[in-house]
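One structure below.
The values are calculated or read from the model by the stated rules, or taken from the named source; none is laboratory data. Because the structure is a prediction, the values reported are computed rather than measured. All Cβ positions, even for glycine, are placed from backbone atoms using ideal geometry, and neighbour counts span all protein chains on display.
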Amino acid sequence: MGVHIVEESKRCLMCKRAMCQLKGCPVQTPIPQVIELFRERKIDEAGEVLFANNPMSAVCSAVCNHMGQCEGACIQGKKGTPIHFSSIEDYISTTYLERHEFAPAPSCGKRVAVIGSGPAGITVAIKLAQAGCAVTVFEQRAEIGGVLEYGIPDFRLPRTLVQRYRKVMCDLGVRVRPSTTIGGALRIDDLLRDGYDAVFVGTGTWRARKLGIPGETRGNVFFGIDYLVDPSSVAIGQSVAVIGAGNVAMDVARTALRQGARNVTIYARSKHVSASSDEVEFAQLDGAELVYGKAIQEIDGNGPVFRTAIFDEGDAVVGYEDELDHVSCDTVVIAASQQAKDKLVLTTDALVANDRGLLEVDENGMTMMPSVFAAGDVVSGPSTVVHAVACANRAVAGIMSYLGI
Ligand SMILES: Cc1cc2nc3c(=O)[nH]c(=O)nc-3n(C[C@H](O)[C@H](O)[C@H](O)COP(=O)(O)OP(=O)(O)OC[C@H]3O[C@@H](n4cnc5c(N)ncnc54)[C@H](O)[C@@H]3O)c2cc1C
């Protein structure tokens, strides 16, 4: 472990109004309480607190944008170095997941179907199982985890950690039905017919947003979200152009470099990059080049064709150069955001989605269809693990109140 976490915990000032928790963390992790328990060597209790607040704590310690959240809000960071809480959280929460013996809770007599096993679905399944519900998770892919398994590369998030959640759910009595798409042969109506008292939808955003430019259907052009599902299935070549500059683009670039590509260039439309600064730095450390101000026009037989932006002094795009910039490369990967697939909406009359395919829910997480709840990216659009958990926590409260448990 790079950081000496015991020394690190001693630097915490135990602020009464802890900004790391109140302002920094979307799930308000009780950081001072956890650090206090850790200092007292009460690792199990600290793990319990973290898990009860956020079952995905072990994942969040690895993939959250800590400097944009808890560590960025730490008062110690104002004059020096913030407390490296992510390392402390990593130690506590992975130890807890490894050591704690999970067991089914006494039954409350209710049955819940969870569609999708990403962070939102796992959170809901675990919390409702702990409340005594009989939970069945329906997952269209072979493995659980959603983006954690099929998006974020394993050099950032070990698959062993993701699969640990399968055991946790199993120990809690959750049934998992892999390779089962709801909205295919089975529909939400079938779940309700079979007596589930509530249904939770956490299906994420798995439809790549296309650019709508000529050349997108060429054989050497891929969407980032599809490429990351199984990078080894793509002959990536030596030179790769990545279109877009969000976190997905950074993961694509770093994965392509690990697959043997020598020249990987990330093209951003403007000087604003939506990826976190850490992810940009890691992509550059790995050898990717980032080029700003390139608006893609088409993809021809050689590669992408851009218009080059002209910036003013404030870095705003004020126009484009007349001459087109033709780039030659082996592979183009488009990483320009995602939206929700429409299988569920098309097969369920009462579900209402907006024009991006995202489900509309009320303040309790209930969709326009009574007894059907939703949370995570399928509600918010592409976001983050911790935001999916925050949204899922609200839906859990909504489902429990709806079920009267
Ligand atoms: C490449 C990439 C990198 C990212 N990196 C980070 C990061 O570093 N840090 C961070 O915090 N966030 C990151 N994110 C975002 C984060 O992973 C997502 O916000 C989060 O996973 C959303 O969780 P979810 O449960 O809503 O959806 P998902 O994780 O998308 O899970 C949805 C699940 O539903 C399943 N499903 C879909 N439709 C059906 C159906 N009809 N029937 C049955 N199952 C279905 C899917 O197979 C999937 O398993 C990243 C996203 C991507 C794409």
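Can you give me the ranges of the helices (runs of 4 or more DSSP H) entirely in region 1-55 with at least 2 residues that are modelled with pLDDT under 95 and of a type in the set (Asp, Glu)? Because the criterion is at least 2 residues that are modelled with pLDDT under 95 and of a type in the set (Asp, Glu), the helices (runs of 4 or more DSSP H) in region 1-55 that meet it are 5-10.
Quick grid of which residues meet (1) in contact with a helix residue (DSSP H, G or I) (Cβ under 7 Å, 6 or more places away or on another chain); (2) free of Cβ contacts under 8 Å to residues at least 40 places away in the same chain:
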site	(1), (2)
Ile266	yes, yes
Ala283	yes, yes
Leu290	yes, no
Ala335	yes, no
Ala340	yes, no
Val352	no, yes
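Apart from one condition, Ile83 fits all of (1) within 13 Å of the ligand (Cβ to nearest atom); (2) in a loop (DSSP other than H, G, I, E, B); (3) modelled with pLDDT of 95 or more; the exception is (1). Whether a residue is in a loop (DSSP other than H, G, I, E, B), of a type outside the set (Ser, Thr, Tyr) and either over 30 Å from Glu360 (Cβ atoms) or not assigned by TED's automatic domain parsing to the domain that holds Leu148 (or both) was assessed, and Ala253 does not pass this test. For Met67, the conditions (1) at pLDDT 95 or above; (2) in a helix (DSSP H, G or I) all hold with the exception of (1). Against the numbered list (1) within 11 Å of the ligand (Cβ to nearest atom); (2) assigned to a loop (DSSP other than H, G, I, E, B); (3) within 30 Å of Pro106 (Cα to Cα), Pro382 comes up short only at (3). Of the residues in region 126-137, how many are of a type in the set (Gly, Ala, Ser) and within 11 Å of the ligand (Cβ to nearest atom)? Selection size over region 126-137: 0.
Can Leu128 be described as more than 30 Å from Arg258 (Cβ to Cβ) and not assigned by TED's automatic domain parsing to the domain that holds Leu257? Answer is yes for this residue. Here region 86-119 is the region considered, the condition is being assigned to a helix (DSSP H, G or I) and of a type in the set (A, V, I, L, M), and the residue that is surrounded by the fewest Cβ atoms within 10 Å (Cβ to Cβ) is Leu97. Only residues that are assigned to a strand (DSSP E or B) and surrounded by fewer than 15 Cβ atoms within 10 Å (Cβ to Cβ) were counted in region 312-337, giving 7. Residues that are of a type outside the set (A, V, I, L, M, F, W, C), outside any loop (DSSP other than H, G, I, E, B) and within 13 Å of the ligand (Cβ to nearest atom) within region 365-379 comprise just one, Asp377. For beta carbons closer than 6 Å, sequence separation of 6+ or different chains, a first residue in region 377-389 that is touching a residue at least 60 places away in the same chain (Cβ under 8 Å) and a second that is assigned to a helix (DSSP H, G or I) and more than 6 Å from the ligand (Cβ to nearest atom), the qualifying pairs are Val385/Val59; Val385/Cys60; Val386/Cys60; Val389/Thr123. So, of the residues in region 151-205 that are on the phi > 0 side of the Ramachandran plot and more than 13 Å from the ligand (Cβ to nearest atom), which turns out to be surrounded by the fewest Cβ atoms within 10 Å (Cβ to Cβ)? Only one residue tops the list, namely Gly195.
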